[in-house]
Amino acid sequence: MKTDLLIGQYPGADSAPLFIALERGFFKEEGLNVKQEAIQAPQAVLGKLSNGQMDVVLGSYATILTIQEAGTEKFKYIADSYQGAPKAFGIMVKKDSPIKKVADLKGKKIGVNVAAGLGTLTMSPHLKIAGLDPKKDVNYVVVPTDQWIPSLDKGSVDAVWMTDPYVSQAKKELGATMLVDTMSGPTDGLPITGWAATEKWTQNNPKTLAAFQRAMAKAQQIAATDRSAVTKILPTYTKIPAETAATINLGNYPTSLNAQRIQRVADLMLDAGMLKQKIDVNSMIYSASQG
């Protein structure tokens, strides 16, 4: 059994269960020695995942589905991580911004952490409702997560799609406001991120995978039921100050991996033109019988 693991995590509230598991020794109990590395998006570490330098990665469902369709790598989902909730994901504008409604975004630059990911996906139906064509009427600019607030502040973009804790920080530091909650209406309660490993890795390391799943399930249960466990751990791996972390709007931490829920993401992507054909998510869920 492989015991040394490198996990790619996204430095947001999505990764809280991983850090809870590390802090509380859940991996050690399973005989795993886990190291983590902050990543911008799975695309940036595909090489490491393919050659086995990195074992497991946290990715938005949208991103992993994009890679899956492109065929650059074949993934299996091994655990759910984070699901949308009100007021925690949305398009942020500065307090003196002339942009007052979604239709005002026409011709404007919107910062996103990845070109074809959760941000662009969840904005798409809201832009359509406002009469805009998401492909032609707005310009997406890739802005790394740690630059979301500075880029909005400097005005290098007109708006930024953010997730909390950055949403709260932008409100506090810049007096920014949320133009539209992108986890409402057509995108209400959408699955956001999950843990994935390459198909090859899951086939070669079934025991390691089962141990990882057991440790994460314990931590996920804590995140799902004890908000303070999440808000306490956040400042340890993000630049979010403790007082901001204490009051942020959190998404939900699902305690089971459900293909039907994640299928909503794939269907929404097909509708937004982010996927060329329908993907059956069921085939991407790892089950021990396949391993």
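The values are calculated or read from the model by the stated rules, or taken from the named source; none is laboratory data. None of these values were measured; they are calculated from a predicted model. Here Cβ is always computed from backbone atoms with ideal geometry, including for glycine, and neighbour counts include all displayed protein chains.
No other residue among 66, 72 is part of a loop (DSSP other than H, G, I, E, B) and either at pLDDT below 95 or not polar (S, T, N, Q) (or both) apart from 72. Inside the stretch 92-101, residues that are in contact with a strand residue (DSSP E or B) (Cβ under 6 Å, 6 or more places away or on another chain) and surrounded by fewer than 20 Cβ atoms within 10 Å (Cβ to Cβ) make up a count of 1. Annotation: residue 205 fulfils all but one of (1) closer than 25 Å to residue 92 by Cβ; (2) of a type outside the set (A, V, I, L, M); (3) at pLDDT 95 or above; (4) more than 20 Å from the chain's Cα centre (by Cα); the unmet one is (1). Among the residues of the stretch 140-155, just one is surrounded by 14 or more Cβ atoms within 10 Å (Cβ to Cβ) and small (Gly, Ala, Ser), namely 151. Looking only at the stretch 93-110, residues that are of a type in the set (A, V, I, L, M, F, W, C), outside any loop (DSSP other than H, G, I, E, B) and within 25 Å of residue 273 (Cβ to Cβ) come to 4 in all. Tell me yes or no: at least one residue of the stretch 42-61 is closer than 14 Å to residue 199 by Cα and either without any contact (Cβ under 8 Å) to a residue 12 or more places away in the chain or hydroxyl-bearing (Ser, Thr, Tyr) (or both). Yes, because at least one residue in the stretch 42-61 is closer than 14 Å to residue 199 by Cα and either without any contact (Cβ under 8 Å) to a residue 12 or more places away in the chain or hydroxyl-bearing (Ser, Thr, Tyr) (or both).
Mind listing just one residue for me: the one in the stretch 3-59 that is surrounded by fewer than 16 Cβ atoms within 10 Å (Cβ to Cβ) and assigned to a loop (DSSP other than H, G, I, E, B) and, of those, farthest from the chain's Cα centre (by Cα)?
Quick first cut of the stretch 3-59, residues surrounded by fewer than 16 Cβ atoms within 10 Å (Cβ to Cβ) only: 3-4, 23, 25, 28-29, 31, 33, 35, 37-38, 44, 47, 50-53.
Restricting the remaining residues to those that are assigned to a loop (DSSP other than H, G, I, E, B) gives 3, 25, 31, 51-53.
On the way: 3: 26, 25: 24, 31: 28, 51: 23, 52: 22, 53: 22 Å.
Here the residue is 31.
Scanning the stretch 245-260 for residues that are under 15 Å from the mean Cα position of the chain (by Cα) and not in a loop (DSSP other than H, G, I, E, B) returns a single hit, 252.
Filtered by the rule that a residue be more than 19 Å from residue 186 (Cβ to Cβ) and buried (at least 17 other Cβ atoms within 10 Å of the Cβ), the stretch 110-139 gives 111, 113, 114. Mind listing whichever residues of the stretch 192-202 are modelled with pLDDT of 95 or more and surrounded by 17 or more Cβ atoms within 10 Å (Cβ to Cβ)? Across the stretch 192-202, the qualifying residues are 194, 195, 196, 197, 198, 201, 202. Cβ separations smaller than 8 Å between residues 6+ apart or across chains give no pair from the stretch 266-285 residues that are touching a residue at least 40 places away in the same chain (Cβ under 8 Å) and buried (at least 16 other Cβ atoms within 10 Å of the Cβ) to residues that are of a type in the set (S, T, N, Q) and part of a loop (DSSP other than H, G, I, E, B).
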